[in-house]
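See below for the structure under consideration.
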Amino acid sequence: SASDATLVVSMARYQHEALAEAYRRHSGAVFGLAKRLLSNQTQAEEVVQEVFLRLWNNPERFDAERGRVLAWLLAIARSRAIDALRRNERMRASEVAVDDDDALDALAEPPAQSDEPLDLIDASQHHSKLHALLAGLEPLPRQLLALAFMRGCTHEEIAEQTGLALGTVKSHIRRTLVALRSQLADPALLLETP
């Protein structure tokens, strides 16, 4: 049987069998570490997938002089698990701080047009219009806004979760916010029934 280092070299040559063998040898240890850190089987399985995907995509990053393949895989798994724990903590904090309706209400607050407060009907129309505009968004921009504003994810986290390039995430969110802002600022749109 080939050594782990030989398997990594074979992966650099796109030999799928080498990845399968590395997975057979080490996925149990990687899963065990991730499960111990996360206490969540689904998230631990996701970490295993990320670790072996990284091994397949970047086998050249392994340096045999610095240690064994298993130690390298476990270091990656530990890092990914800690990232997941941080995401979980941020999501819990954002869920405790506000629920989805409160977040929408905060986004729905219209800019003041004068020194007088808006009456209840105007505020209600503005809120309904925002909900209608959000419901009418394409799935991708709606998902990106939900991750950013409802879950509190950073642009980098959204890019990682969705597999999109960071610049794509930023431009989608910015474009969508500009469009929503301009539509909400148009008084004629607020008169339309939702």
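Where a number appears in this text, it was derived from the coordinates with a stated rule and is not lab data. Remember, it's a predicted structure, so these values are computed and weren't measured experimentally. Note that we place each Cβ from the backbone using ideal geometry, even for glycine, and neighbour counts take in every protein chain shown.
According to a simple spin-label model (label point 7 Å from Cα along Cα-to-Cβ), what is the distance in nm between Glu89 and Ala12?
For the pair Ala12/Glu89, the computed spacing is 3.7 nm.
What is the gain in length, in nm to one decimal, between Leu177 and Ile82 on full extension, counting 0.36 nm per residue of separation less the C-alpha to C-alpha distance?
Roughly 31.1 nm would be gained on extension.
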